[in-house]
There are 2 protein chains.
Amino acid sequence: MSKCIWLTGLSGSGKTTIANLLAAQYKDKGQLTCVLDGDQIRLGLNKDLGFTRSDRHENARRVAEVAKILVDLEILVIVALISPFSEDRHKARALFQPGQFIEVYVDTSLKRCATRDVKGLYTLQENGLIKNMTGITSPYEIPKNPDIHLRTDTTDAIECCELIKKHISV
Amino acid sequence: MSKCIWLTGLSGSGKTTIANLLAAQYKDKGQLTCVLDGDQIRLGLNKDLGFTRSDRHENARRVAEVAKILVDLEILVIVALISPFSEDRHKARALFQPGQFIEVYVDTSLKRCATRDVKGLYTLQENGLIKNMTGITSPYEIPKNPDIHLRTDTTDAIECCELIKKHISV
């Protein structure tokens, strides 16, 4: 049974890094794998959406629907999406069969994300150039019962991938 | 190189029948294949959209973006979508590499579609229960230079599939 591995967490928490590394590992094993990355999807399918609450709901909804199409084709899907609202993650899960949707909380402190600031967004936010920054001016609802909880402050990407693979193979 | 086979035509012209038959044939050959059917997509990804002009544009845009994701995974995609506007079909084509997007005009007379009336939509329209019926109260822009022109008034679904496969294998 194929899966949807759904990485949720703040901007800069390491979702994309983990997603791409994990995808590469599964591809090496011959598993057809697809990364649905929030930043990429916003250049295509979701380019009409902004960062209001309703647009964030719609952003997550569409990604979940595409993930469902892919999983039905037996493709392993790895979603890397802030997806700040519990409701959206629950709705995403509801599209899949039991055990098919793996919610992975990529947990890094806001301070650490802001220090890394890979995309420069935290600096832009500090300078008042970005509204609706998740975790600062826009809420991030911490997953209460994620299937996997990765602490990327203390766990590197390679170890994170191992934890995910271990969970899935059980 | 994988392809996006894009079937456009009036409601009842035979798009879904051809798409499903063709997909079954490619699957039998071991080709990973996905049908993106307008009616199905409107139950999931595009369930927020109606039948206004702008919603029809958005409907086609999203289907094209999903098709692109799938084709990039080497999946053969068969789209069955009324997609009444030339502009949308051109934009869809523009997402793909040259030769990767095959526009197939599924050409059946409106009279024949209304006689078949597989989904009962033409009857509903006659009774004033449907607005924006393509080909009657909403425009259908006939493809000027489709890659393949199927005349389903005189060609059955099996023959249509042969014509598409012949075109692709050339």
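The values are calculated or read from the model by the stated rules, or taken from the named source; none is laboratory data. These numbers were taken from a predicted model, which means no experiment stands behind them. Backbone-built Cβ (ideal geometry, glycine too); neighbour counts: all protein chains shown.
Which residues, counting only those in segment B:119-152, are assigned to a loop (DSSP other than H, G, I, E, B), of a type in the set (A, V, I, L, M) and over 29 Å from B:ARG93 (Cα atoms)?
Within segment B:119-152, B:LEU129, B:ILE130 qualify.
Within segment B:77-86, identify whether any single residue is of a type in the set (A, V, I, L, M, F, W, C) and farther than 15 Å from B:SER11 by Cα, and answer yes or no.
The answer is yes; a qualifying residue exists.
I'd like the full set of residues that are closer than 19 Å to B:SER83 by Cβ and of a type in the set (Ser, Thr, Tyr), limited to segment B:96-121.
B:TYR105, B:THR108, B:SER109, listed by residue number.
Out of the residues in segment B:102-112 that are over 19 Å from B:LEU21 (Cα atoms) and not polar (S, T, N, Q), state the one that is farthest from the other protein chains (Cβ to nearest Cβ).
For segment B:102-112, the residue satisfying everything is B:LYS111.
How many residues does segment B:10-59 hold that are at positive phi and either touching a helix residue (DSSP H, G or I) at 6+ places or on another chain (Cβ under 8 Å) or of a type in the set (Phe, Trp, Tyr) (or both)?
So the count comes out to 2.
Please indicate, with yes or no, whether at least one residue in segment A:107-124 is touching a Pro at 6+ places or on another chain (Cβ under 9 Å), more than 30 Å from B:GLY38 (Cβ to Cβ) and surrounded by fewer than 17 Cβ atoms within 10 Å (Cβ to Cβ).
Looking through segment A:107-124, none of the residues is touching a Pro at 6+ places or on another chain (Cβ under 9 Å), more than 30 Å from B:GLY38 (Cβ to Cβ) and surrounded by fewer than 17 Cβ atoms within 10 Å (Cβ to Cβ).
What are the pairs, 6+ residues apart or on separate chains, where a residue within segment B:7-18 that is closer than 16 Å to B:LEU163 by Cα and modelled with pLDDT of 95 or more has its Cβ under 8 Å from a residue that is surrounded by fewer than 24 Cβ atoms within 10 Å (Cβ to Cβ) and of a type in the set (Lys, Arg)?
Pairs found: B:THR8/B:ARG89.
Among the helices (runs of 4 or more DSSP H) contained in segment A:1-97, which hold 2 or more residues that are surrounded by 16 or more Cβ atoms within 10 Å (Cβ to Cβ), away from chain B (no Cβ under 12 Å) and not polar (S, T, N, Q)?
Of the helices (runs of 4 or more DSSP H) lying wholly inside segment A:1-97, those with at least 2 residues that are surrounded by 16 or more Cβ atoms within 10 Å (Cβ to Cβ), away from chain B (no Cβ under 12 Å) and not polar (S, T, N, Q) span A:15-28, A:53-72, A:86-94.
Between residues in segment A:139-153 that are without any contact (Cβ under 8 Å) to a residue 60 or more places away in the chain and residues that are of a type in the set (S, T, N, Q) and in a loop (DSSP other than H, G, I, E, B), which pairs lie under 7 Å by C-beta distance while being six or more apart or on different chains?
A:ASP153/A:THR108; A:ASP153/A:SER109
Looking only at segment B:143-169, which residues are of a type in the set (A, V, I, L, M) and either over 17 Å from the mean Cα position of the chain (by Cα) or surrounded by fewer than 14 Cβ atoms within 10 Å (Cβ to Cβ) (or both)?
Passing the criteria: only B:ILE158.
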